[in-house]
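K.L.:
Handing you a structure now.
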Amino acid sequence: MKTKILIDEKDYLEIEIDNLTIAELLRNELWKDDAVKQTAWKREHPTKNPVLIIKTSGKKPKTVLSDCIARVQKLNDKILDDFKKSVK
């Protein structure tokens, strides 16, 4: 997965992600952090990559995003473990 930081400010982050599914997954998970005041993704055209937007209060957006990714990784590990147990 390729990403590109477009805007990096104190309480605002825009990051281009080459995968719409990942952008939506992150957007959905970001709402679980109380520091997130707004999160969404936008895409100028279906042939363009989506841009994930994060506005925060009290925490840096990169920190919030890093925490979000850690939660998603933990959830993925749990799903994989549960799947492996179910097919035995």
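K.L.:
Inspect all residues belonging to the stretch 53-65 and state whether any of them is within 16 Å of I17 (Cα to Cα), of a type in the set (D, E, K, R) and in a loop (DSSP other than H, G, I, E, B). Outline the logic, then answer.
P.N.:
Pass one, the stretch 53-65, residues within 16 Å of I17 (Cα to Cα): 53-54, 61-62, 65.
Checking the rest, the ones that are also of a type in the set (D, E, K, R) come to 62.
Retained after the next criterion (residues that are in a loop (DSSP other than H, G, I, E, B)): none.
No, there is no match, as no residue in the stretch 53-65 is within 16 Å of I17 (Cα to Cα), of a type in the set (D, E, K, R) and in a loop (DSSP other than H, G, I, E, B).
K.L.:
Considering the stretch 1-43 alone, what residues qualify as being farther than 22 Å from G58 by Cβ and of a type in the set (D, E, K, R)? I'd like the intermediate steps shown before the answer.
P.N.:
In the first step, residues of the stretch 1-43 are kept if they are farther than 22 Å from G58 by Cβ; the result is 1-4, 6, 16-25, 41-43.
Result: K2, K4, E16, D18, E24, K42, R43.
K.L.:
Just checking, how many residues over the stretch 1-27 are assigned to a loop (DSSP other than H, G, I, E, B) and under 11 Å from V64 (Cα atoms)?
P.N.:
Residues of the stretch 1-27 that are assigned to a loop (DSSP other than H, G, I, E, B), as a first pass: 1-2, 9-11, 18-19.
From the residues that got through so far, the ones that are under 11 Å from V64 (Cα atoms) too are 11.
Looking only at that region, the number is 1.
K.L.:
Examine the stretch 28-46 for a residue that is loosely packed, with under 11 Cβ neighbours inside 10 Å, of a type outside the set (D, E, K, R) and outside any loop (DSSP other than H, G, I, E, B), and state whether such a residue exists.
P.N.:
no
K.L.:
Go through the stretch 37-73 and give me each residue that's touching a Ser or Thr at 6+ places or on another chain (Cβ under 6 Å) and closer than 18 Å to I5 by Cβ. So that I can check it myself, show each step before the final result.
P.N.:
Filtering the stretch 37-73 down to residues touching a Ser or Thr at 6+ places or on another chain (Cβ under 6 Å) leaves 37, 54, 64.
Matches in the stretch 37-73: I54, V64.
K.L.:
Another question, then. Looking at D8, is it surrounded by 12 or more Cβ atoms within 10 Å (Cβ to Cβ) and either touching a helix residue (DSSP H, G or I) at 6+ places or on another chain (Cβ under 9 Å) or small (G, A, S) (or both)?
P.N.:
Numbers: surrounded by 12 or more Cβ atoms within 10 Å (Cβ to Cβ): yes; either touching a helix residue (DSSP H, G or I) at 6+ places or on another chain (Cβ under 9 Å) or small (G, A, S) (or both): yes.
Criteria met by D8.
K.L.:
Here are the criteria: (1) among the hydroxyl-bearing types (S, T, Y); (2) loosely packed, with under 14 Cβ neighbours inside 10 Å; (3) over 12 Å from the mean Cα position of the chain (by Cα). Tell me which single one T56 does not satisfy.
P.N.:
Every listed condition holds for T56 apart from (2).
Read-outs: derived from the displayed coordinates by stated rules, not from any lab. On a predicted model such as this, the values are computed, not experimentally measured, just so you know. So basically every Cβ, Gly included, is an ideal-geometry build from the backbone, and we count neighbours across all protein chains shown.
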